[in-house]
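A short worksheet on the structure shown next.
Read-outs throughout are calculated quantities, based only on the coordinates presented, and are distinct from any laboratory measurement. Note that the coordinates shown come from a computational prediction; the quantities given were computed from them, not determined experimentally. All Cβ positions, glycine included, derive from the backbone under ideal geometry; neighbour counts span all protein chains shown.
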Amino acid sequence: LPEARGAPLVLLYLLGLRVLAQVSHRQLLSRPPAAAGPREFSASRARGYLDNITAIGPRTVGSPENEVLAVNYLLEQIRGIERESTDAHKISVDIQRPTGSFSIDFLGGFTSYYANITNVVVKLEPRNGAEHAVLSNCHFDSVPNTPGASDDAVSCAVMLEILNTLSKSSESLQHAVIFLFNGAEENILQASHGFITQHEWAKSIRAFINLEAAGVGGKELVFQTGPENPWLVQAYVVAAKHPFASVVAQEIFQSGIIPADTDFRIYRDFGNVPGIDLAFIENGYIYHTEYDTSDRILTDSIQRAGDNILAVLKYLATSEKLAKSFEYRHGNVVFFDILGLFVLAYPARVGTIMNYITAAIAFFYLSKKVLQPKPRAVHNLKKLLTAFSLTLTSWVCTLVAVLMVAIFVSIIGRALSWYTHFYVSVSLYGTAAAAKLILVHMLAKKFFYKNVNEQYLGDVFFDASLMIWSIALSVMTQMGLCSAFICTLWVGFPLLTKLMIHKEFSQKGATIKFIVMYMLGMFVPYLYMLYLSWTVFEMFTPVMGRSGSEIPPDMVLAGFIVIFTMILSSYFINFIYLVKSTKTTLLALTTVFVVTLILVCSGIFFPYSSDAANPKPKRVFLQHTIRRFHDLDGNVVKSDSGIWINGFDYNGISHITPHVPEINDTIRTPCEEQAPFCGLPWILPVHFMFRFRMSRIAGLHRRKPAAVAISHTSRILRAKFHSTLEAVSPSHMSLYVRPRAGSALSRWSLGDGTPVTSLGGDYFVFYSRGLHAAPWHFWVELTAPEKHSDGIVSLAIAAHYFFGEDQKSPQLYALLERFPNWIFSSGWSCTYDLFVF
């Protein structure tokens, strides 16, 4: 087989499949939407709701924008919908302001306390009432300093329009639909906890749909279902008009490698309710930034989300299974969509049987090949195992070589060069991976397989790849992974293809006809893998810009690219042995790699972009902090202030220094060893994610924010120290606790009463409140030695001012004005007080 024919055919084949996958992902609707009537979902009406919600501005928990203006707007729209509803329905509205506490193992583990936060709850039910209900959840709050259009105002707009559509129907539903517009999700899932554990309507909920975002617009991906309850997946399969779902995404998300969580966890863990979790995943570069505006969300994206969620809600609200959902809680489900056209779903136990049967057939085929002819069985087995070992060796060599390139790029300060230009990652790491793979096998062919028949080598290396996939299928099935279905595709279709074209290949060798038939047989697994790879890279690439400074993003992305290169090359490795030479292909790949590496090293690919149409900003948070350290008698023994700066990505602050020279690597905030969490005012326990802790020292605020007021009473009984404390602060506060040597925190009034440590051994409590909340009362109980003259516990409180006149000091404003426009900076003022008791 001439290289001039083989290499272009493989390249065109992969590019063609990539285009098909890309077109499928960009196709939001299967057909152009018709003009919506009053009883049909209308994206234009939903956009009106979206524009009005985001026009309120950032909706931080505790701010008037979130607790008053957004709530009043939602109530106004709901009352209008109620007035125009038909007699078939009854609409009830409730404003809930719960107070509560819980512990969660997210971000290393911490405890959350909330007071007087806001939920707007609407129940649509038949005129005569309903015993059971399905819940639809969104949140209208946003992270500070952002409009939160995609996360999550658009979901609330979709839910308002769904409520409007259902209320105008003349047909009543069998079950109730509860719409929860929760007002404190960004405070790590507090409002959903307040609803599911305290609201009287929560007892009737049998299933839920959670609407979230990890990006801005695009398709909404079903990335979590259950737990168990396969009937819920079936409901989505039957009802959704524009399906987009993947059990692979579910297993990736639930593995914890993505630093995020949703209200799904709360309903599952605290409410014992099964559900479906959906999220917009496209363009995560501007998620949680000032660029998350309503104009960036396509109308077709709103329409498809509305069509899907409305259809699924109606299906669930008329399903007999909803009333007896506990009877259908059996096993997991394998589910995945095919190019957005339809979803394949089947019970995991059926998948297990299919997987094992497929693997058994493959192993039978391989055994038969080894035993033909029987006298050469040992020789055939050695050849197969040698090819198997060489394939694995080539993969390991490729991974090591490409990771070395990624490490080099990171060391010289060129990390994230591909962040704005994704093609750079393919040109750098993709070509390096492909070249290394070809090089290893080219050397093996030249020196190890010298004078061996090329047709025989092509055959044995196909069998080696089949063996690898069969082993992977068996292992993943044994581990109980639903995503093992991918291996089934990569065993079943290639094996079937081999059996169909074996005669053509044995008689005529690697002809063009053979190649065409071979590629057609591989169409399904290769197309699905390229389709899946788009989803994976769409989710993970933006995450690298907000995953902290501890994880080298180039190594992560390079690893993903190598894995996909291994997968895509697995059934083309045999082509290396079928072609006469691979020198031209290897030279072309090497040239692209070397040129790209030179350009990356020169710094021509700047990681960030302020392009108005497609911004990809660098994320930075700045806290103008006043710190006070108190002794055992309550006297201030040390105080300081400064602007504490952290970059969200691996580059830290290095790209800022040329624009603001005083922000540089020579200025560091020292760790206060005696204080929990190094004496730094973390809003969440993400200290393990950041390497750089930089600070630009500045003077005190001209207008000093009100400090935290804390009072306490203590009593000692039987070597136990019981302290009751009261704290008065702004809407957001962090509490840090560290028992002194010899002491131990045994109980407290938070969560379920059992203290939960964070990474590092300290205790972290996240506090937030709505308007008019009472002072925070809590107690802690410690076991302590009889002699504790230097105190038994260090307790620190940081108050965070996310809105209002105290949010930003004049010094902070002045600094932010000097930042380049490719930076999204979130800045606020805070106070930090350390006490010893």
Subject >> Calculated [θ] (222 nm, deg cm²/dmol) that DSSP helices of n ≥ 4 give over the chain, each run adding -39,500 (n - 2.57) >> reply: -13000 deg cm²/dmol
Original post:
If you find the alpha carbon centre of segment 619-667 and of segment 721-746, how far apart are they in angstrom?
Top reply: 24 Å
Subject >> Cβ-Cβ FRET estimate between Lys638 and Arg18, R0 fixed at 41 Å, reported to 0.05 >> reply: 0.10
Original post:
Ordered by packing density, taken as the mean number of other Cβ atoms within 10 Å over each peptide's residues, highest first, how do 770-776, 223-229 rank?
Top reply: 223-229, 770-776
Original post:
What Cys residues in the chain have no fellow cysteine's beta-carbon under 4.7 angstrom?
Top reply: Cys397, Cys482, Cys487, Cys601, Cys830
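What is the extension gain from Lys374 to His659, computed as 0.36 nm multiplied by their sequence separation minus the C-alpha to C-alpha distance, in nm to one decimal? Don't jump to the answer; show the numbers that get you there.
Working: separation 285, 0.36 × 285 = 102.60 nm, distance 7.41 nm.
Length gained between Lys374 and His659: 95.2 nm.
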**OP:** Mind sorting out which of [x] 56, 37, 25; [y] 50, 35, 26; [z] 71, 51, 30 is the real semi-axes √(5λ) of the Cα gyration tensor in Å computed from the coordinates?
**Re:** [y]
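When the dipole is taken about the Cα centre of the chain, and only Lys, Arg (+1) and Asp, Glu (-1) are charged at their Cβ, what size is it in debye, to the nearest 20?
Details: 69 positive and 64 negative charges, 613 e Å.
Roughly 2940 debye for the chain.
Could you sort the peptides 483-491, 408-416 by per-residue average Cβ neighbour count (10 Å cutoff), highest mean leading? Could you put the intermediate results ahead of the total?
Numbers: 483-491: 23.6, 408-416: 17.8.
My ranking of the peptides, most packed first, is 483-491, 408-416.
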**OP:** Determine which aspartates and glutamates satisfy two conditions relative to Lys583: a Cα distance under 17 Å, and not lying fewer than 8 residues away in the same chain.
**Re:** Glu3, Glu454
**OP:** Give the cross-link partners of Lys513 among the lysines, using a straight C-alpha distance below 16 Å as the criterion and excluding same-chain residues fewer than 8 apart.
**Re:** Lys498, Lys503
Original post:
Nearest-5 percent of antiparallel DSSP beta bridges in the chain?
Top reply: 70 percent
Original post:
Say R0 is 35 Å: what FRET efficiency, to the nearest 0.05, do Glu805 and Ser749 get from their beta-carbon distance?
Top reply: 0.60
Original post:
Considering amide H positions built from the backbone, and no H for Pro or chain starts, which residues 5 or more places from Lys618, or on another chain, come under 5 Å of its amide H?
Top reply: Ser609, Ile823, Phe824
**OP:** With just the Cα atoms of segment 341-412, tell me how far they stretch along each of the three principal axes, in Å, largest first.
**Re:** 55, 45, 22
Original post:
Where the centroid of each part is defined by its Cα atoms, how far is segment 524-590 from segment 227-275 in Å?
Top reply: 27 Å
**OP:** In Å and from the alpha-carbon atoms only, list the Rg and Dmax of segment 553-630.
**Re:** 21.9, 78
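Can you give the FRET efficiency for Glu40 and His502, using 1/(1 + (r/R0)^6), R0 = 60 Å, r = Cβ-Cβ distance, to the nearest 0.05?
Numbers: r = 54 Å, r/R0 = 0.90.
E(calc), rounded to 0.05, equals 0.65.
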**OP:** With everything on Cα atoms, drop me the angle between helix 512-521 and the longest principal axis of the chain, reported from 0 to 90° to the nearest 10.
**Re:** 30 degrees
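Can you check what the Kirkwood hydrodynamic radius comes to for segment 258-402, Cα pairs only, in Å to one decimal? Write out the running numbers ahead of the final one.
Numbers: mean 1/r = 0.0465 Å⁻¹.
Averaging 1/r across every pair of different Cα atoms and inverting gives 21.5 Å.
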**OP:** Sort the following peptides by mean Cβ neighbour count (other Cβ atoms within 10 Å, averaged over residues), highest first: 493-501, 285-293, 300-308.
**Re:** 300-308, 285-293, 493-501
